[in-house]
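One structure coming up, written as structure tokens, with questions to follow.
The values are calculated or read from the model by the stated rules, or taken from the named source; none is laboratory data. Note that the coordinates shown come from a computational prediction; the quantities given were computed from them, not determined experimentally. Neighbour counts run over all protein chains shown; Cβ positions are idealised from the backbone, glycine included. SASA here: full protein model, heavy atoms, side chains in, ligands and nucleic acids out. Shrake-Rupley method; radii C 1.70, N 1.55, O 1.52, S 1.80 Å.
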Amino acid sequence: MSSPPAADERDPAAAGDRTKLARRVGPAMLLFFIVGDMLGGGIYTLVGKVGAEVGGAIWTSFATAFALAALTACSYAELVSKYPRAAGAALYTNKAFDRPFFTFMVAFAVMASGITSASTLARGFAGDALGEFLDVRLIVVASVNARGIAESVRVNALLTIAEVGGLVLIVAIGVAALGEGGADFGRNLEFKEGVAPLFAILSGAGLAFYALIGFEDSVNIAEEVREPSRTYPRVLFGGLAIAGTIYLLVTLVASGVVPTAVLADSSAPLVLVGEQGPLGIDPKVFAAITLAALANGALINMVMASRLVYGMAEEGIVPGFFGRVLSGRRTPITAIVFTTVLSLALVATGDLASLADTTVLLLLCAFAIVNVAVLVLRRDRVGHEHFRAPTIAPILGAVVCVVLIVDNEGEIFLRAGLLLLLGVVLWALAYAGGHRSATDGGPESQTTGEESR
């Protein structure tokens, strides 16, 4: 009978693994990070759009999207507990396929999707005031990000409380309104006329999936989580379950108290729900909650993007310059500045509404690759315990991603292609300027070493 593994074998963090980033994120803070990322501003506008696709049974599309997201979450849980490092999908791609250019393109796709996602939510809420949001609030977000991961996650926790509180309030208002004459809970069993229920559910699930793709951002702060190999799997699935449950409750009461056609025609369907029944409140309250959700989404996406670039620098995929950390705060300052500037440049180059359509497409490409990578990396053994996903999960996850990728219009593929072309240009510039990691012993590594002491 073999003896149980020692503490340093169970988790690399317990063995004193070296990282320049500070491990200050515990399970509770990580849970807030994941739930806050998934409960973004999208739910405040998606309910009506999903209803237009599926009919009154909006919850069925969200439940299907939740099941599809859980498949890919299994792959992420295995990989992040096996390799608790920053860079997420890029790190896994690099380890599985060892093709630097391919790795860079995956990383760039994830980073671009995060930036366009935050910008899309801002456009959806602020309209023509988007420029102000980006120029002022995005700089504030960058400042919080540079201040430290603990500070960033604490701000995230406060905004997450506002998000969750708003959605719980929607549920309470909706339940109270169900007793009134205009409410009809039976709408939750009605499907769109003229469309087979299965196809209606899948069509709506493609939209609902957008509201559930935030879980992957958290893997990029793996180096800042205490005991990541043991913490991540249970917190990841816990966060996914919390978000999924809240979404189902919201969609059930929304469909019950407001006619489907009215929800579908509104750009702010949950505001309509909040006005119903004896507990109805001023729409301005939900406007403030939506603003908090947007700020939270921007913060999380920028934290994700900066840690991704930092992780690539540590792996030698991009110049080591991007691996520098801020003295004292131990945050990846160069990566934070770079991603902030890039985000401003990307959203200034075109219609943000059109860029929003590329967000899910880019992430689905990364998800498909991650699901394949987890199978390839089964041959790689590590010296600590980690979560192992059922083999069927990554297989089904990859198939689902491919199906959802194909189900897009040519215009969306064109926009995604143009963004990836920008990535090719950046790759060429990186090689022209030198391709050394911060650990190669060059000037970058010397500066970083001094700052991390």
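When you scan the range 373-387, how many residues do you find that are buried (at least 19 other Cβ atoms within 10 Å of the Cβ) and farther than 22 Å from Arg234 by Cα?
Of the residues in the range 373-387, 0 are buried (at least 19 other Cβ atoms within 10 Å of the Cβ) and farther than 22 Å from Arg234 by Cα.
How many of the residues in the range 32-64 are part of a helix (DSSP H, G or I), farther than 11 Å from Ala200 by Cα and at pLDDT below 90?
Total meeting the criteria: 14.
For the range 228-241, which positions are over 13 Å from Ala28 (Cα atoms) and either in a loop (DSSP other than H, G, I, E, B) or within 19 Å of the chain's Cα centre (by Cα) (or both)?
Correct list: Pro233, Phe237, Leu240, Ala241.
Which residue is farthest from Leu202 (Cα to Cα), if the candidates are limited to the range 409-434 and must be open to solvent by 40 Å² or more (accessible area, probe 1.4 Å) and not in a helix (DSSP H, G or I)?
Selected residue: Gly433.
Of all residues being open to solvent by 10 Å² or more (accessible area, probe 1.4 Å) and assigned to a helix (DSSP H, G or I) in the range 347-362, which is modelled with the highest pLDDT? Just the residue, please.
Val360
Output the number of residues of the range 178-192 satisfying the condition of being within 21 Å of Gly280 (Cα to Cα) and either of a type in the set (A, V, I, L, M) or out of contact with any helix residue (DSSP H, G or I) (no Cβ under 7 Å at 6 or more places or on another chain) (or both).
Qualifying residue count for the region: 6.
Another question, then. If I ask for residues that are in contact with a Phe, Trp or Tyr (Cβ under 9 Å, 6 or more places away or on another chain) and farther than 23 Å from Leu39 by Cα, which ones from the range 137-191 would you list?
Leu178 - this is the single residue of the range 137-191 that is in contact with a Phe, Trp or Tyr (Cβ under 9 Å, 6 or more places away or on another chain) and farther than 23 Å from Leu39 by Cα.
Looking at the range 185-224 only, could you name the residues that are closer than 13 Å to Ser61 by Cα and of a type in the set (Phe, Trp, Tyr)?
Answer for the range 185-224, where residues must be closer than 13 Å to Ser61 by Cα and of a type in the set (Phe, Trp, Tyr): Phe191, Phe199, Phe209, Tyr210.
Working only within the range 388-408, note down all residues that are touching a residue at least 12 places away in the same chain (Cβ under 8 Å) and open to solvent by 60 Å² or more (accessible area, probe 1.4 Å).
Keep residues of the range 388-408 that are touching a residue at least 12 places away in the same chain (Cβ under 8 Å), which gives 388-391, 393-398, 400-402, 404-405, 407-408.
Within the range 388-408, Arg388, Pro390, Thr391, Ile395, Leu396, Val402, Asp407 meet the criteria.
Pull up the range 166-181, narrow it to residues that are small (Gly, Ala, Ser) and open to solvent by 40 Å² or more (accessible area, probe 1.4 Å), then point me to the one that is nearest to Ala241 (Cα to Cα). Don't jump to the end; show me each part of the working.
Step one: list which residues in the range 166-181 are small (Gly, Ala, Ser), which gives 166, 172, 174, 176-177, 179, 181.
Then drop every residue that is not open to solvent by 40 Å² or more (accessible area, probe 1.4 Å), which leaves 172, 179, 181.
Values: Ala172: 20, Gly179: 28, Gly181: 33 Å.
Top of the filtered list is Ala172.
Additional query: Under 24 Å from Arg234 (Cβ atoms), open to solvent by 10 Å² or more (accessible area, probe 1.4 Å), among the charged types (D, E, K, R) and part of a helix (DSSP H, G or I) - does that describe any residue in the range 83-93?
Scanning the range 83-93, I find no residue that is under 24 Å from Arg234 (Cβ atoms), open to solvent by 10 Å² or more (accessible area, probe 1.4 Å), among the charged types (D, E, K, R) and part of a helix (DSSP H, G or I), so the answer is no.
Given the residues Phe199, Phe215, Phe209, which is the only one that is without any contact (Cβ under 8 Å) to a residue 12 or more places away in the chain, within 22 Å of Val360 (Cβ to Cβ) and either β-branched (Val, Ile, Thr) or in a helix (DSSP H, G or I) (or both)?
Selected residue: Phe199, the only one of Phe199, Phe215, Phe209 that is without any contact (Cβ under 8 Å) to a residue 12 or more places away in the chain, within 22 Å of Val360 (Cβ to Cβ) and either β-branched (Val, Ile, Thr) or in a helix (DSSP H, G or I) (or both).
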